[in-house]
Amino acid sequence: MQNRAAQFSPFAALTGYGAVIKETARLTDRRIELDEYEKAALDEKLQMLREQTGRRTEITVTYFLPDQKKSGGAYIEVTGQVKKTDEYTHTIVMEDGTGIPMDEILEIEIQ
């Protein structure tokens, strides 16, 4: 009787199928396009950050992080002190080492 029951035990016929379904169901955000006024305001704030290089400026940045596996991404909010603005790589480098691409920034709040 035990041997007969073993043939009806569940098994994974399609190995990895569950992971594919889970990845497909994962939601991503679309990138928000800024209008000209919003871009101008953001440029002003970036210029203020450049002028304050060397000071311990605390900011909160909301930026878009593209997804590696599918279209879209996620918006991340980071709060911390600015270490430097790197014009060569076009990033803001935070004290904790986080690099934020300036092209992906949606909003900056300077405290």
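The values are calculated or read from the model by the stated rules, or taken from the named source; none is laboratory data. Source: prediction; values computed, not measured. For neighbour counting, all protein chains shown are included, and Cβ atoms are generated from backbone atoms with ideal geometry for every residue, glycine included. Each accessible area value is taken on the protein alone, full model and side chains, heavy atoms only, with ligands, DNA and RNA left out. Shrake-Rupley method; radii C 1.70, N 1.55, O 1.52, S 1.80 Å.
Looking across the range 74-102, the residues that are touching a strand residue (DSSP E or B) at 6+ places or on another chain (Cβ under 9 Å) and within 23 Å of residue 36 (Cα to Cα) come down to 74, 75, 76, 77, 85, 90, 91, 92, 100, 101, 102. Can you name the residue in the range 3-43 that is open to solvent by less than 60 Å² (accessible area, probe 1.4 Å) and under 30 Å from residue 106 (Cα atoms) and is also modelled with the lowest pLDDT among such residues? Once the filter is applied, the top-ranked residue is 23.
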